[in-house]
Amino acid sequence: MQNLLRVTDLNVSYRGAGSRQHHAVENVSFEIADGEVLGLMGESGCGKTSIALALLSLLPMDQAHISGSIQFRGKELLSTDQSSLRAIRGAEISLVFQEPELALSPVMKIRDQVAEVIHAHNDWKWPRCRAEAESALARVGLAASSRIFSAYPHQLSGGQRQRVVLAQALACNPALLVADEPAASLDARSQNELLALLRKLQRELHISILLISHAPEVQASLADRLLVMANGRIVEQGPFEQLYRNPSHSITRAMLRTSAPASVAEDLDFEMVT
Amino acid sequence: MRYLARRLLHSMLLLLAVSIFSFAILQLAPGDFFTPLSVNPQISAHTVATLRSQYGLDKPFPIRYEHWLRSVFRGDLGLSFASGTPVAPLLVFRARNTLLLTGTSLLLAWMLAIPFGIWSAARRGKWTDRAGGVVTSSFLTIPDLVLFLALLLLAVRTGWFPTGGMMSARFDDLGVGGKVQDVAAHLFLPVVGLVLATLPPLVRHIRSAMIEVLEAPFVLAARAHGISERRVLLRYALPVAANPLITLFGYSIAGMLSASLLVEVVLSWPGVGPLLVDAILAKDVYVVVAAVMLSSVFLVAGNLVADALLFATDPRIRTEQIN
Amino acid sequence: MQETLGHGMNPESPQSNSNQFEPLLRVSGLSKQYVQRRPFSRQKIVVSAFQDVSLEVFPGETLALVGESGAGKSSLARCIALLERPSTGKIELAGENLLALNRKQLFPIRREVQMIFQDPSSALNPRLTACEIIAEPLLIQGEGTKPQRRARALQLMEQVGLDSAQEHKTPLEFSGGQRQRLAIARALALSPRLLILDEALSNLDAANQTLILELLADLQAAHSLSFLHISHDLRLVSEFADDVAVMYQGRIVESKDTRKLFTSPEHSYTKELLASVRSVESILLERSA
């Protein structure tokens, strides 16, 4: 079975102040199979988001240096040209950003924002794109009312905005969804609703998910396998339940809150440049 | 609607205050319109005194101000001593010419600045952007006066352009098409001057507003969805960058009567500029006050237009939360 | 010198109340409304952030305030920290009504209540070094000489688990968890009696959350600090809270001892909140079913 995504020896470094190189991601390798949910956990820092952005070649080219291999359906993404990448972004690999409030244009109606994504990947006329957008929004559980569809992001609640961003990501039926802290800004109730929705959609659409989240409860709800990162490197990976019951690395233990974290402080090297 | 009424009331009060203030300032300058006559030995003091009382210049300040207010309601805005005609028609004629000049320049300047600004922002850091930056900086540092004089020199030396005025001598003999062409030929240099003076700061503002927006997360998100760069620029970045620019546009409108003063004087365009300068020097009081008032009206109108545009284009100001 | 620095050198500040049964902070009937007016319309919208809020925080204890993400809790925190003025109500610190004081009288009292914010990146001045940030409150309250302030700042750095050799670094050179420690050190500079934590752990990852909670517990024991811990994460705050107050739609719907809240919740919203707190174990169980 060919893997949907295969990342080999990925390295991302940023040029910091004064020609100092900051290695955000070091020799990271992992694979995601069809329909699999891979969780990514790690301390708050650039490493996880850098991977997400690197997958879609969205890192600022003048500041970031990438090396390694990212193979999607056998195609090497790091050597693909811009227009082919544009076809992949949003349609085959979709990114759900942290903080949906910032990820939406403040002056566009939410239905139009979803329609834009659809229009970018299909040769349809706008009325059809808008209709498809409305069904995409309904699919993520937003009430099918024109009041909601014609609303602007600032008029909605945090939970609703999260659903809009999810609708945008799923509108073109991607094979891989990269979710960056999808429930971080929500309260417990909305969080549970969102996770249930994600689980349902994942099963129905059979999509793979790269789930970036520092919360063990979120990973427990969705992840099949788990990757634990620290300082840009992978420290442990394996099936979620196995890592939870039998963590071999102290950082894994701290991340999954299975033991006293006091001993962890020395292991976590906080030397970082944002 | 009530908000609008409140704004209008404030504007009225503002205009009233401006009129009192400009009236008062003019009184501070020693002498009046007839002072040059009084130093002429051939004219008797009695004649000068008679002229003064004829035009009411010997009355105390409040009475003169009250007379002027009456003239506002009458519609003639007082009398111009220099020409002996009512101020209003004189001012209207000149204002029309000024608006033709500034209106054309405003339109042209904004129509050029927007694409330039967007294009520079999109190519930030590349050599085209840097070259553009050098050009705008140079024009920013050249004093407007030098610029306009250079244009005048160009006209005089080459004879390609008329050197002043709005129409040629044989204007009345021309057909409609000829008349339009004639005015356009005269309009050319002043417009070029004004556009060159106002374009650089505009381009810079637009560029920096766009750059700031292009770094926002929602722009990155749009790119992540595979939306084309052109659409990202025009449908995502520009509408959000428009906010500060609309305010700037309001200021442009506000300055429509005053921005062209220097270019009108240097290139002899018959607008409000030369009229105002002459009137100030001659202490032709009512002309000065009327011109200042008209400028203030434009200022108020410009601000109102900017606010209305902002309200119409930014949904965040317009709408409330649904939840 | 180092011991007296930051320990209420102003004789007018409220005397340290050794009575453990009197609340350090008592809030009664606090309400706050915002009036918004839209341009070009005559509509005036009155938004109520919170209404009729009463709570008590005892010396050396932690009160957790939980509820949905929304302006209510933060607005309340800002009022208690005297950053905003409530519309009605009373705020009493060691028996003294703070809202009745004028600005000059309030100045020495401000040192008693300090706040830690959700996002340390925006709460710390990016241009100052770590040492300057921690010493800033001392500077504002006019305490000590420059070397004395620096010494105290370094001492506080060590206390919160930061390496004092890094005193010259600016906030952006620290990680998220370290920045919060910096913010805590700054808050402790004036030896306050009450610390308000406004979603202070929400932006941190799980490991850091636990580490900082442990640090706070240590500090509480060492200095007899009181905490008002505001969070939307019930499970997180309940580990170290003595009492819990539940806020729903701007009102306190339930307030009691932590254990009693978990074992016998009364209000329907509380029950809802508790139900949504799920452990990894229960989630795994549900998935395998």
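Computed from the coordinates by the stated procedures, all read-outs in this text should not be read as laboratory data. Quantities reported herein were computed from a predicted structural model and do not represent experimental measurements. In this analysis, Cβ positions are derived from the backbone assuming ideal geometry, glycine residues included, and neighbour counts consider all displayed protein chains.
Find how many whole Å separate the alpha carbon centroid of the stretch C:154-233 from the alpha carbon centroid of the stretch B:256-314.
59
Quick one: which residues, 5 or more positions from A:Ile209 or on another chain, have an amide H under 5 Å from its amide H? H modelled 1.01 Å from N in the peptide plane, none for Pro or chain starts.
Correct list: A:Glu36, A:Val37, A:Leu38, A:Leu177.
Using a 7 Å offset from the Cα along the Cα-to-Cβ direction at both C:Ser48 and C:Glu239, what is the distance between the two label points in nm, to one decimal?
3.6
Given a Förster radius of 35 Å and the C-beta distance between A:Glu76 and B:Met111 as r, what FRET efficiency does 1/(1 + (r/R0)^6) yield to the nearest 0.05? Walk me through the intermediate numbers first.
Details: r = 45 Å, r/R0 = 1.28.
For A:Glu76 and B:Met111, the calculated efficiency is 0.20.
So, in nm, how far is label B:Ile280 from label A:Lys125 when the simple model puts each one 7 Å beyond its Cα toward the Cβ?
Inter-label distance under the simple model: 6.0 nm.
Per residue and in Å³, how big is the convex hull formed by the alpha-carbon atoms of the stretch C:141-289?
Values: hull volume 23.0 nm³, N = 149.
Spread over its residues, the Cα hull of the stretch C:141-289 gives 155 Å³ apiece.
Taking 26 Å as the cut-off for C-alpha to C-alpha distance, list the pairs among A:Lys75/A:Lys125; C:Lys44/C:Lys73; A:Lys48/A:Lys125 that go past it. Present the calculation step by step, with values, prior to reporting the outcome.
Numbers: A:Lys75/A:Lys125 30 Å; C:Lys44/C:Lys73 24 Å; A:Lys48/A:Lys125 37 Å.
Over 26 Å Cα-Cα: A:Lys75/A:Lys125; A:Lys48/A:Lys125.
Who wins for biggest fluctuation among A:Ala254, A:Ala196, A:Ala188 in a Gaussian network model of chain A, springs between alpha carbons below 10 Å?
A:Ala188
What does the convex hull of the Cα atoms of the stretch A:5-264 come to per residue, in Å³, rounded to a whole number? The partial results should precede the final answer.
Details: hull volume 36.6 nm³, N = 260.
About 141 Å³ per residue, rounded to a whole number.
Hey, what's the Cα Rg ratio for the stretch B:144-185 versus the globular rule of thumb, 2.2 N^0.38 Å? Can you show the working numbers first?
Details: Rg = 12.3 Å, N = 42, 2.2 N^0.38 = 9.1 Å.
Dividing the Cα Rg of the stretch B:144-185 by 2.2 N^0.38 Å gives 1.36.
By the scheme Lys and Arg +1, Asp and Glu -1, what is the net charge of all other residues having a beta-carbon under 15 Å from that of A:Leu142? Don't skip to the answer; put the middle values down first.
Numbers: positive: A:Lys109, A:Arg111, A:Arg130, A:Arg139, A:Arg147, A:Arg161, A:Arg163, A:Lys200; negative: A:Asp112, A:Glu132, A:Glu134, A:Glu193.
Net charge in that neighbourhood comes out at +4.
Rounded to a whole number, what is D in µm²/s for chain B from Stokes-Einstein with the Kirkwood radius over alpha-carbon pairs (4 °C, 1.567 mPa s)? Working shown, then result.
Values: Rh = 23.2 Å.
Translational diffusion coefficient: 56 µm²/s.
Starting from the 7 Å offset along Cα-to-Cβ, what nm value, one decimal, do you get for the label separation of B:Leu174 and C:Asp119?
Result: 6.0 nm between the two label points.
Within the P(r) computed for the stretch A:1-134, what percentage of the Cα pairs occupies the region above 25 Å? Intermediate results must be reported in sequence, preceding the final value.
On the way: 3345 of 8911 pairs.
In whole percent, the long-distance tail amounts to 38.
Pick from B:Gly271, B:Gly31, B:Gly193: which is most flexible by mean-square fluctuation in a GNM of chain B where alpha carbon atoms under 10 Å apart are linked?
B:Gly31
GNM, chain C, Cα, under 10 Å: largest mean-square fluctuation among C:Val35, C:Val253, C:Val53?
C:Val35
What is the fewest-to-most order of A:Trp124, B:Trp127 by other Cβ atoms lying within 10 Å of their Cβ? Present the calculation step by step, with values, prior to reporting the outcome.
Values: A:Trp124 14, B:Trp127 8.
Ordered from fewest to most neighbouring Cβ atoms within 10 Å, A:Trp124, B:Trp127 come out as B:Trp127, A:Trp124.
Ranked from highest to lowest mean number of other Cβ atoms within 10 Å per residue, what is the order of the peptides B:167-178, C:259-270?
My ranking of the peptides, most packed first, is C:259-270, B:167-178.
Note down the relative contact order for chain B as a percent, whole number, built from C-alpha pairs under 8 angstrom at least six residues apart.
Values: 319 pairs, mean separation 82.6, N = 323.
Relative CO of chain B lands at 26 percent.
Please report the relative contact order for chain C, taking Cα pairs under 8 Å with a sequence separation of at least 6, and give it as a percent rounded to a whole number. Could you put the intermediate results ahead of the total?
Values: 487 pairs, mean separation 69.3, N = 289.
Once normalised by length, the contact order is 24 percent.
If you take the beta carbon distance between B:Leu28 and B:Val297 as r and set R0 to 25 Å, what does 1/(1 + (r/R0)^6) give as a FRET efficiency, to the nearest 0.05?
Details: r = 24 Å, r/R0 = 0.96.
For B:Leu28 and B:Val297, the calculated efficiency is 0.55.
Return, for the Cα atoms of the protein assembly as shown, the radius of gyration and Dmax in Å, separated by a comma.
34.9, 117
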